[in-house]
Structures are given as structure tokens and as C-alpha cells.
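Right, one structure below, let's go through it.
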Amino acid sequence: MPKNPDVKKVLVIGSGPIVIGQAAEFDYAGTQACRSLREEGVEVVLINSNPATIMTDGDIADRVYIEPLTVEVLEQLIEKEKPDSILPNMGGQAGLNLGMELEESGFLASHHVKLLGTTAETIRKAEDRQAFKDTMEAIGEPCAPSKVVESIEEGIAFTNTIGYPVVLRPAYTLGGSGGGIAHNQMQLEEILENGLRLSRVGQVLVERCIAGWKEIEYEVMRDSAGNVITVCNMENLDPVGVHTGDSIVVAPSQTLGDKEYQMLRTAALNIISALDITGGCNVQFALHPESFEYCVIEVNPRVSRSSALASKATGYPIAKVAAKIALGYTLDEITNAVTKKTFASFEPALDYCVVKIPRLPFDKFLTARRTLTTQMKATGEVMSICTNFEGALMKAIRSLEQHTESLRSYDFTAMTQEELLERLKTVDDLRIYIIAEALRKGASQDAIHDVTKIDLWFIDKIAILTQMEHRLETEPLTEELLKEAKRMEFPDCVIAQLSGRTEAQIKQMRREQDIKAAFKMVDTCAAEFASATPYYYSCFDGENEAIITSSEVKKKVLVLGSGPIRIGQGVEFDYCSVHATWAFAKAGYETIIVNNNPETVSTDFDIADKLYFEPLTPEDVENIVDLEKPDGAVVQFGGQTAIKLTKSLMEMGVPILGTKAEDVDAAEDRELFDKILEDTKIPRAAGGTVYTAEEAKEVANRLGYPVLVRPSYVLGGQGMQIAISDQEIEEFMAVINRYAQEHPILIDKYLMGKELEVDAVCDGNDILIPGIMEHVERTGVHSGDSISVYPAHTIGDQVKETIVEYSGRLAKALHVKGLINIQFIVMNDEVYVIEVNPRSSRTVPYISKVTGIPIVELAVGVILGKTIRELGYEPGLQKDAGYMAIKMPVFSFEKIRGAEISLGPEMKSTGECLGIAADFNEALYKAFIGAGIDLPKHKQVIITVKDADKGEAIGIGRRFEKLGYTIYATRSTAAALREAGINARKVNKIQQESPTVMDLILGHRIDLVIDTPTQGRDKSRDGFLIRRTAIETGITCLTSLDTAKALLTSLEAKEKQRELTLIDISKINR
Amino acid sequence: MKAFLILEDGTVFQGKAIGACKDAVSEIVFNTSMAGYLEVLTDPSYAGQAVCMTYPLIGNYGICMEDMESARPWLDGFIVRELSRKPSNFRSDMDIQDFLVKHDIPGIEGIDTRALTKRLRDRGTMNGMITVNESYDLPDVLARLKEYRVTGVVDRVTCQKKYTIPGIKRLEENGPVSGSDISRTHERKAPSMIRRLNGAGKRVALLDFGEKNNIVRSLQKRGCDVTVYPAFTKAEEILKEKPDGIMLSNGPGDPKECKEAIQEIKKLYDADVPIFAICLGHQLMALAAGADTHKMKYGHRGGNHPVKDLETGRVYISSQNHGYVVDVEHLDQKIAVPAFVNVNDGTNEGLSYQGKNIFTVQFHPEACPGPQDSGYLFDRFISMMEVAKDA
């Protein structure tokens, strides 16, 4: 069936801010879908509230709206843009829910807009628990015994008929939010209460627990003619019980015979057909490990995290094909973009093994429970490809960038075999390391299997790896042994440690014995057909097939990606990497991307001329460098991951393009940087560098508390804290020094003032500043967690000029060629520098979009030798774009049990959204709505602040009162408010008699909790409990009074009830 | 122990010996199925060939005897990248190494199977030798390889005496439908997609050119009684039993070699009995009807090829194993028209005979290994027998 000619203008819905369970994979899918639609001559209107994404670029869609993803906004947009169709299945659950709501309300029908790619009926059948179960029963596909309940009583009654344990899954939530396994009635009540509230329709599925079964997924495609194929199947190493997003996943399945494989494949095809899906779909099965019994766990009628993984694992572009199917094409009409010979109706055949490992955020949330459950916690993931499982696992481990190089990277040597087996009963992210140690201690594979239920095949693979460790420790390092260790992807540094040699010696041995990495192609067809796609992975047991072009024809640039998405280093850096790649390509370079993140646009095989899907360690990058011999590498776009490789690249003889390594060092090295500040006469907070807690205390006492403690060379304020006492210094230093620090730790006097930030391009001489951004929160809250306002609106011209002047001086002194990010404090109209990063930052996409100045492209321009003037820009601060654009951080605290939510110098947000409007209030209102803070609801607020904040709390209280809010406050806050004439109701603290503040929160009638923790780390169990409970019951909780004031401003403006204006940012141009 | 794979073009791969320690000269082909190595090993169509699995990890779930497609493996050699040391599956009866030794099949592991596959793809199917003899004489080996031809393989694999397998009488004997009933029973039965005994009481004659067990099973599970005849059976002997339908099975080798069988099939063509043929059977029917076949560069072997049913326009993913193909360009359209086509390379995948109750397919609707998507063709055959009987 050819393309449907009625589809001319399509509205694509993005997934919004990055949160746990809905991350960069939707930028990848959405971008691919938009490009695929435009290829067909379709006009694309895009809406996504997330400014950090590539999909929200003017060159991806025809019209781009970075607006809140609400039904009201979408209705308004449809009226404005009049699309004939809407594509809701690229934007994750968020997009699907919106599409569904618009359809159900009749709005789409009355505006003659069609849902493409899926129907409301399909969404309902897949997402509504009961409808799904009925559909499955009708076609004979088994589900675990289950019931949809709408009350706790109903849940208890049903569980009593099927017995504990039961799995609980709220309907219409993401990443299994609010779900869990209940082993007794108390747990059941707790999870049910939470889940019922989180579900959009107040429903939770109570289900027989099938924990311990094999978890198998199929990615399936279907077209409107009913043709169906499976793109890929995947097996979770972690059996059912751990969310697939938190599981180690391998593709294709390893332990299924053809009978099991085909049984589940046929079931998946039957299911997609019965649900009448056109496009992509993910089906998850639980398979009994000792029979053919299986059940369907879940179906996602849209592209998903798993489909992004499957796309990268196979080379089959699921989102692209799904978009074409939505336009009416059938699978046999769509060409396979990899082979150009076969068609989209050809099922990929893999001739390698793929391993995915989730990137969990427990290094950010030290207090959080590491336990893995059916509630997803990972912020991102890494993928690796190898010719064997052992190698793929080893590569994935070192891709994580969590100080992990091998299965020995977490030390459990102090534990006995019995203790280790006991410890394995707790399922967490350290499980594979513990299994490895248990095997080293002689535990039997069966004993480990009995506890973990992990298939013996996987346990044996871990045993093969620990046996290799043992051989390297005990046997002479022969050529044979070294070859075998490399085949399993032991990095040189680990071989060196185990064999008692140096890394250089191992490298030398490898050179002598010609043991080197070869690169193989991901071609969708296991070499059956010749393919031209330069998508490669390395192995040590084969001939190289990467085609090396001569740099005489075209100069070659190596673009280093940013690895897994984690807090502090998100999709923004992928935006920068991709734009840099495009800019180099435009300048006539051959571009080579190295990255290991399957969720991103940068690892799509048609972004760069060549893609190497590899870990970002010096050794892995050197393998590529040895082969490709690039003319240069850029590190300034890939976040800290890429920056960290600078020194190694230089040692390999690869020129670093742009700002020189020694200048990057000068910005990070305290002494060098102080010298520069002195030379350029720029003030900064007093401080010192230390290595030990003793030194730190000495510096702190000299400066006077409070002080800022932070390691150098980190992103996202990792490990950064404000300390108010010697005791805290000791605590924070201990945390930082968990890992040996290569660089000193910085101790600075903490200055409290207004924080400002610029991203700029410098050509070594002139500087271009697209705009100054101002943070709503005072210093002390990490810039990534602050509300950021462009253009800065509360500072005077004098301060602006000083900032521009200082920026210019700093960029020049650091010989910056390319991007630079500088953060300032303004206190009493005095400007201080906080830090300088001569590289891209997380605000680059945001500032580029709202000013219309493509600063990544400009940066590449100056890196290649052009001046700012030659690029058509006048240096200096550019004039305001005529809009207020506010970047609002978005958090995923509710997903991480036990995480401290109070804001501080260490970044905690997972994503961001934008509010853009002609005036500040509207922009702020949009930003809050976009972040999901849509008030008022019940008009009740709880205020509990530390003593120092009592004065400011009065103003806040007064404003809430004026908005008609009922104010509750704990004892001393209440007293302060009442004294100021505010009618605050006093509530008891948690341990006092009921009703306490906790009862109030659990009463579900509270809009907002404002709780400022005591300075530094809050030690009070009370405050922590209040904040956690608020977050877990879905109540907005603010820990900064500045944020609270901004929210008030937005609520007050809302009172005036104005219609929002929607802004097409692709038209912001100059 | 070291082992070598020597190709006709002089390429030598060094790896480790697996299975039986003996030399094997054979035609080297590759198969892209990611699961189902036992079904490949025991598919008689591989007689005269050594198979390279492109998926690198083989043997992961051991050997489950009940999944065998014939009584023994028929291929000459087995080539893999890595043989699993730990078979892990609840049904596994032994590991693959012991299985190969037991059936005296030599093999090689630890070679770059992708590099081998690319050579076969670029230069076409070649002969090769697996040897453990480190001091092999290359010119001598190459001379032997040039000589080698796959011949007489159908005679080797066909049954020697006819035998009958009764159809099942009750649907439940089939085991569960799509797994749903297993949830209640916990029995270790193989799953089945069959939902109706639409072939109950039908008598099918299956001409065995190297049939895979699942052809018989597919008919039996639909209720058909199946009588299997050796490849050398005369047409009269089959026709005198008045079967409701005749099936021509898959099998190994060059179809043109089966001259006598083609003569007999001509007679079957002339009789008005519904015929359904698979793979080699499809090629033999085409030759019997006056069409031609030719050898493909490197054939189709795997479980992922899309075939289009030209009658409905629907595309199905099929299980494939063939090195020869029917030449449609010289096909007399008055005799037969293409019924299926390969979406990727446009080669013929099935024929529908004009004015006859005959249809034949190049691919394997019986799957095993591979997708079950085209299993509906057995139902089509049964309907055809139904209609023919009514007429």
C-alpha cells in the first residue's frame, strides 16, 4: 500500500522532560520519526517541553513548540496549526496518554484530526489492565492470574484468593512508577495506596507473582496490511522481579531453544495483531524456566526504551520504519537503510552478542535503597557488542563510568561464601559483582542459582570470567593466555593488575604479539548481504572489516560522545555531540563518533560517517585511533566523559581540536586558575586545595564556615557539599575519598548571592555571548537544579557589562577556541567568578534555541579557524531575543526510595523543561506547568522552615494567604507566621500526638510542602521523612524559598487568567 | 586439538576440533538462524554439506532429543565460533559436543565465522575440508576439493520402507495451544499452534526425499493419517492407495539428479490428486512440469526471509534452506504461475499449477527451526483435499 496522500501535516508529540523511565530514547525515536516523515514531504509540527533535545531543533521539524505537554496546550496548538494528523506513539507514555485524552474527549474528531500509527481503541486495549486481559484471553495468550482493583479492600480480598506474594502495577504510569511486590498485607496496603493515587485512572493491577521466571522481550512491527515481523528478542539476565529497565539485558536470547523462541515469537505476533497495532510494539513475557508455561507481562503499543535498544542492537531503525508505516507504507515497501538491498520486512539476524547494563543513580543518592524492584530506577544505560557474551559484559561494565573496570571493581573479598550467598538474597545493582566473588570463594553455581534464579548459563559465564582472573593471577602470561583474556575483553589495566605487570608492559606484549582489536560491522543480516553502513564494534577474535578512508581525500575528526545518561550529564551533551558532528560534516570533514549509549541520537548509524559503538576508555579509543588515524579529536562537546580522555588522546598523538588541554587544565587546576584570575584581576571566593580531611578542616577554619567542598574535574557537582562544621568536613571528605582522587579537592568560602551563567563562543580573541542566564535560586543550589531565566532580568547594566567584560578576559586568558561556560555570583553588585568550564555545558541547547544562535556550529567554526566576525556575528553580548525563556529543572525523586530531595550543591535533577513567553510571568507559569506543577488544587500548604528562613517565610505565607491558601506550619514556623499576623495553623511534629504533619500529608489534601532543611546536610530524620512522604504521595515539595517565591509569582499571574501564547521557536532567527 | 577449515579458494581457517576427530570434505554453507542448531543438525537437506552457523554462541541450551528433525544428523561437518561449555535448559539431554561425537560428525570452533560467511557470500558456495591433520598438503587438498560433488544424497537420506503414522484423534493430544493451557498443566509438552483438527480422516502420502519430522507432525496434528514412502517409490504404488493428497518433501542436493523421481512425479501430476510440495519437492515438481532450476550463488539458509503470498499480498517470515531455485523466467505460465516471491531478491518461492490442485513452496512452512508464520499452508492443503473430495 503506498503512502496515504491525505497526510500532509503531522503533529508529533514528544515525551517532555527526562525523568527516570522516560529518557533520551524518545529524543532518538522522535528525531528519527520527524526526519522519516519529512523525507516523505510531510510537514512536521513538533511539540515537546524539553529544550535539551535534538528533536526540538528547527532543522528537525518545520515548526517547533517547546511548550508544556498538557491537553489544553495541545488543543490550542491544534487550533493554531491545524494539522491533519497526530503521531502520539513516539513520545513515550506521556505522548500516548495525551493522544488518548484528546481522542476520548472528541476533540480530534471535531477538528478532523486523525491519530496516526495507533487508534484509541488499541491504546485502551494495551494499557487498560482489564481490557488487556480480556483481549489476551480471547486469543488464548495467558496472563498471570490478576485483577484490576480500585480500592485497598478489593486488593486485599483478591490477594487472599491467589495468595502472597503479589505484584502490583498501577495503570497508566511510567517505568512501573508506584508498583512493587507485596509479601504481606502491610506491604500490600502501603504499595496499593501509593499506586492508586499515582494511576491516572485510579487503578492498580494485583497479579500473581511470577518472580524468578525468565523475562523475555520481543520487539514487533506490524503494518496496516497486517504484515508482522519481530525485530529482535531480548533476554533479561535478571529474572522477573527486576524492572527490565534496571536489568542486565542480552540480545538475542541466549537460553531459549528454537521451540521456546518460536512459541514466544508467534505469541508476540498474535498479540500485536489482536491489538491491531500499526507500527512498533514491545511485548514482555515471563517464561517458566522448567516448562513451556509462559505469561504475557506487558505490552507497550509504541516505541520504547526497549525499542531504542533493539534498534541499536540490530541496526533496524524501528522509529523510522514506524513513522513510514504510519503514513501507510507496508513493510515490504520500505527499504532496509543498512543493506539498501533488503526490505523492512526482513527480520534482523545477529552474529554477535549484545549486553545492556542500566546506569543507576545510587552514586548520587547515597541514602537511597539500592534494591531493584519492578519500579525502574535507572537514569540511563550502556550497551556493548562483542562476538561473545563474556566480552560484551566486560565492555558494558567499563562503559558505565562508575569506576568499574571488571567484575572485581566492587570489593567483597572480606565476606565469606555464606555471607555472600546470604547477601545475594538482596537484589541490587551489585549482584553480578557479588556472584563473581561468591564463585571466587568456591560457591557452587547451583547454590547461586538457587538464591538468584539467574540462569546457570549466565552464572557459568561469570565463572568463566573469574577463572580467567585466576589464571592471569597464577599462570605465566603466555601469548595464548593473553589472547584469550583479550578475547573476553579484559582491559590491559586489569590484566596488568592481575598478572603483576604494568599496563604499558601489557600493551607492549600485545604489540609484539600482534594481538589487536578488529572491527566488525552491525549489518542486520549476519553478513548474508553486503552492507555499506559503517556501524562497527570491536572484538579480538576476527579479521578487521572496517573500511579505512584516507585522510588525504577528506580530513577526519573523532567526536567523543558522552556515554550513559546520568544525573549531571544528560541528553544536552548528546545534543552538542550531534550538532558538532553535523557542523564538521558541513565543513567537509569525515566524522567518526564513538559512544556507548543506545538511547541517543548520536548512536544512530546515519548521524556520523562512521559510528564505533565502544566503551569510552583510553584503551578502547586507542584501538579506534590506531586504525582510523584521525586528523583531530574534539572533546569539548561530550561532557566530562570526553574531557577525561584528553590526556590519553594527546599521548596517542591525536591533536585536540579547539581549546588546548593545558588550558582546560588551567581552568580546573586551582593554582593555575588562581594565577589567571590574579592576572585578569577577577575576584573569586577565597579558597584552597586539599587532599585529606585534616587539610580540609584547616582551610575551612581559616576561611570560616560555611564552606563549599568539591572534587575537581567533575560534572553535575558530583560530591559537592556545603559544610558548616568540622564534623561535616570529615563526612564529606570521606565520601569523596571513597575513590582515590587524582586531583585535589577544593574548599571555598561559601558566598550567598545571585547566581548567573553564560555560555559563550570564543575564537581566541573575540567572544560571542548569546545571552546571560540568571538563576532564581541563590548560590548553594547547583546550577543544574536551579530555575534559569533568560535574559537575566534583575541585574543592572553595570553588572551585565562586568559579566561580559570578565567573560571576555577569562576566555582570552584561557585561550579558548570553542565553547566556554562561566558561572558568576553577584553579591552587593560585586561580581565574583565561581567556576569556568572551557567546554559545552548543559545550558547550550537551551540558550541556542531561545536566542536562535547556533552556538555549537559557531564553536566548530572557530575550532576550524574562522573568527566570530567571519562567521557573520558581531562579538559581544547579543541583543535580547524578545522572549523570556525559563528553564525549569525536573526531578525523579519519587522513583528513588530513600533519596534525599533537598537541593544543594550536588545536582539531583534528571531533566528540564522550558517556559517561553513574551513576559516573565507567563514564561514562569508555562515552566511550572511543563514540570508538572499545576496548582492550585486544594489550596492547602504546609510550611516548615529553619530558623534563619523564618523572616522570609513570613512574606511567603502572606502571599499564600492572599491566594486563599490554608497554611499549616510546624510549631516554631507557625509561631513566627502568627506573630506576623498570618493565620497559620499549627501542626504537630511526627513523633507528637496525632494529627501530625504526616497525617496531613497522607490526607491527600495538600498542594505543596515548603521545607527548608537546616544548613548543610539535614540530619533530622523528621525533615527527611516529611519530604520523602510528600514526594512519594505526589505532593510538590520545595526546599528553596526562592523556588517557592517563583511559584507564588506564577500562581499570582495565573489568577489573572490569560490564554497562553504558543511560540514557534524555529522562527526565532536573526 | 587444532583443526583447520580449508576452502576451495585456498583460504585456511585455524580453530579447535569439535565433535568427531576425522576429516570431512564437503560443500560449505552458512545458516543465519540464531536458535535451532539441533534442527539444523538433523535436517536431512544438509546431507553432503558442512554448515557454518553465523550466530556465534552455539550449544547454549544443549541437545533436546525430542526436537530432532530426523533420527540423526546428516550434515558432514559443523562450523561454529564458540561451542557452549554449559548447556542450560530443562529439557537438555546432553551437550552438543557429546552429540557430535556420538554421531561421528566432525567440526571446528573458534574461527571467524563472519569472515567465512563473507567469503561464501562474495565468492559463492565453495567446497571445503575440515581436518585435524596439521601437516595437510594444500595442493592435494585443493585438488580433492575441486573434485568434490554432492551426489546421491537423496538415496542416502530417504527411508527404505514405507510406514504410516496415524493422525491424532483429539485436539488435546496435541498439547497446549499457544502456551495458554500449559499454564494449568505444567506438562513438558511441546507447544503447538494448531487450533482445529481440520484434517481429521484425511490420508496423505508423503514422498520422502529427506523429510523433516515436522512435516509429518504438522499433518498429524491436524488429524491426517500420513503414509511415508521412500523416494524411489513408483507413482502407481502411491496412487493405488488412493490418498486424499500427496506431499513431496524437502531434501538435499541438486534436483536434476533425481531423474527417476521426476518421472514418477510427472505421473502424479497427471493424476488428479491434490499435491503440496516443499523445497526439493517444489523443485522436482517444477522440473516434472517442464520448468528449469539453477544453483544459486550462495542460497538461502536461515529463519528470517520475507516471502510474499502473491494471492493475498501478505508477507510472511519464512524458514529457508535451499541452494537451488526454480527458474521462473522460463516457466510456461499456462502450466504454473508464481504464488510466492522472495521480497529481498525477487527469486521464486512458490508455484501454483494452473487447472490443477497443486501448489508448491520453496521455503519451509513446517519451520523447525524458524518462524511458524506460514504454517497456514498446511491448512490450505487440507482445504484443497476437502474441495477435491467434494468435487
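Values quoted throughout were computed directly from the atomic coordinates according to the rules given, and no laboratory measurement underlies them. It should be emphasised that the depicted structure is a prediction, and the values quoted were computed from it without experimental measurement. Positions of Cβ are generated from backbone atoms using ideal geometry, with glycine treated the same way; all protein chains shown enter the neighbour counts.
Here the 3J(HN,Hα) profile of the stretch A:805-822, calculated from phi with Karplus coefficients 6.51, -1.76 and 1.60 at θ = phi - 60°, is 4, 4, 4, x, 4, 5, 4, 5, 4, 8, 6, 6, 10, x, 8, 9, 10, 10 Hz, Gly and Pro shown as x. Gain on full extension, evaluated as 0.36 nm per residue between A:Glu153 and A:Gln187 minus their Cα-Cα distance, stands at 10.9 nm. Across the options A:His449, A:Phe637, A:Leu903, the greatest Cα extent toward the positive end of the charge dipole of chain A (unit charges at beta carbon of Lys, Arg, Asp, Glu) belongs to A:Leu903.
The charge dipole of the protein assembly as shown, taken about its Cα centre with unit charges on the Cβ atoms of Lys, Arg (+1), Asp and Glu (-1) only, comes to about 1520 debye.
For the pair A:Tyr164 and A:Arg208, the difference between a 0.36 nm per residue extended length and the Cα-Cα distance amounts to 15.1 nm. The simple spin-label model puts a point 7 Å past each Cα toward its Cβ; for A:Val553 and A:His743 those points are separated by 4.0 nm.
Give me the dipole magnitude in Debye, nearest 20, for the stretch A:256-412 about the Cα centre, with unit charges on the beta carbon: positive for Lys and Arg, negative for Asp and Glu. Before the final figure, lay out the partial values.
On the way: 18 positive and 16 negative charges, 127 e Å.
Magnitude of the dipole: close to 620 debye.
Across all directions, the shadow cast by the convex hull of the stretch A:935-1039 built on its C-alpha atoms averages 6.0 square nanometres. Diffusion of the stretch A:1-117 by Stokes-Einstein, at 37 °C in a medium of 0.692 mPa s and with Rh set to the Kirkwood radius over alpha-carbon pairs, works out to 237 µm²/s.
Taking amide H as placed 1.01 Å from N in the peptide plane, A:Glu912 has its amide H under 5 Å from the amide H of A:Ile18, A:Val890, each at least 5 places away in sequence or on another chain. Once the C-beta distance of A:Arg971 and A:Thr502 is scaled by a Förster radius of 56 Å, the resulting FRET efficiency is 0.35 to the nearest 0.05. A P(r) calculated from all alpha carbon pairs of chain B, with 10 Å bins opening at zero, reads 5, 23, 32, 25, 12, 2, 0 percent. Under 5 Å from the amide H of B:Asp327 lie the amide H atoms of B:Asp292, B:Thr293, B:His294, each residue being 5 or more positions distant or on a separate chain, with H modelled from the backbone and absent for Pro and chain starts. Across the stretch A:966-982, coupling constants 3J(HN,Hα) worked out from phi with the 6.51/-1.76/1.60 Karplus curve, θ = phi - 60°, read 8, 10, 10, 8, 6, 2, 6, 5, 4, 4, 4, 5, 5, 4, 7, x, 9 Hz, and Gly and Pro carry x. Here's the picture: charge each Lys and Arg Cβ at +1 and each Asp and Glu Cβ at -1 in the stretch A:355-515, and of A:Met394, A:Leu430, A:Pro358 the one pushed furthest to the positive end of that dipole is A:Pro358.
Ellipticity at 222 nm from helices only: DSSP H runs of n ≥ 4 in chain A, each -39500 (n - 2.57), divided by the residue count, give -11000 deg cm²/dmol. Dipole magnitude for chain B: computed about the Cα centre from +1 point charges on Lys and Arg Cβ and -1 point charges on Asp and Glu Cβ, it is near 640 debye.
Each label was represented as a point 7 Å from its Cα along the Cα-to-Cβ direction; for B:Val101 and A:Lys82 these points are 7.9 nm apart.
So for A:Trp582, B:Trp74, fewest C-beta neighbours within 10 Å to most, what's the order? If you can, show how the numbers build up before the last one.
Details: A:Trp582 20, B:Trp74 23.
Lowest count first: A:Trp582, B:Trp74.
Listed by chain and number, the lysines whose alpha-carbon sits under 27 Å from that of B:Lys240, ignoring those within fewer than 8 places in the same chain, are B:Lys161, B:Lys162, B:Lys169, B:Lys202, B:Lys212, B:Lys221, B:Lys256, B:Lys259, B:Lys266, B:Lys267, B:Lys356, B:Lys389. Calculate the length of the line joining the C-alpha centroid of the stretch A:106-140 to that of the stretch B:245-311, in whole Å. So the separation of the two Cα centres works out to 45 Å.
Just the number, please: percent antiparallel of the DSSP beta bridges in the stretch B:2-150, rounded to the nearest 5.
On the way: 19 of 31 bridges.
Close to 60 percent.
Straight-line reach from A:Lys133: taking Cα to Cα under 18 Å and skipping same-chain neighbours fewer than 8 places apart, the lysines in range are A:Lys125, A:Lys147. Compactness check for the stretch A:586-674: Cα Rg over 2.2 N^0.38 Å is 1.14.
Shape summary: the stretch B:2-150 maps onto an equivalent ellipsoid whose semi-axes, from the alpha-carbon gyration tensor, are 25, 15, 14 Å in decreasing order. According to the calculation over all Cα-Cα pairs in the stretch B:272-391, the P(r) per 5 Å bin from zero is 2, 12, 23, 25, 20, 12, 4, 1, 0 %.
Once the C-beta distance of A:Lys483 and B:Val337 is scaled by a Förster radius of 51 Å, the resulting FRET efficiency is 0.35 to the nearest 0.05. Among the trypsin sites (Lys or Arg not before Pro) in the stretch A:415-469, those placed in a DSSP loop whose Cβ has at most 14 other Cβ atoms within 10 Å are A:Lys425. In this structure, A:Thr1061 and A:Leu963 have a Cβ-Cβ separation that, at R0 = 25 Å, corresponds to a calculated FRET efficiency of about 0.60. Would you list which lysines come within 25 Å of A:Lys80, measuring only between C-alpha atoms, while excluding same-chain residues fewer than 8 positions from it? In chain and number order, the partners are A:Lys8, A:Lys9, A:Lys114, A:Lys849, A:Lys887, A:Lys926, A:Lys1054, A:Lys1056, A:Lys1067.
Among B:Phe90, B:Phe13, B:Phe30, the largest mean-square fluctuation in a Gaussian network model of chain B (Cα springs under 10 Å) belongs to B:Phe90.
Using a/c under 1.5 as the rounded threshold, could you call the stretch A:639-789 rounded, prolate or oblate? The axes a ≥ b ≥ c are square roots of the C-alpha gyration tensor eigenvalues, and prolate needs a/b larger than b/c, oblate otherwise. Oblate, because a/c is 1.5 or more while a/b does not exceed b/c. Taking chain A, how much of its Cα-Cα pair set, in percent, is spaced more than 60 angstrom apart? Roughly 5 percent, rounded to a whole number. The label-point distance for A:Ser648 and B:Lys162, in a model that sets each label 7 Å from Cα toward Cβ, rounds to 7.1 nm.
Within the stretch B:96-181, the trypsin sites (Lys or Arg not before Pro) that combine a DSSP coil assignment with at most 13 other C-beta atoms in a 10 angstrom radius are B:Arg149, B:Lys161, B:Lys169, B:Arg170. Across the stretch A:421-433, rounded Karplus estimates of 3J(HN,Hα) from the backbone phi angles (6.51 cos²θ - 1.76 cosθ + 1.60, θ = phi - 60°) give 5, 5, 4, 5, 5, 8, 8, 9, 6, 9, 3, 5, 6 Hz, Gly and Pro being marked x.
Which residue, B:Tyr324, A:Leu1002, A:Val844, has the largest displacement toward the positive end of the dipole of the protein assembly as shown when charges sit on each Cβ (Lys, Arg +1; Asp, Glu -1)? Towards the positive end, the residue furthest out is A:Leu1002.
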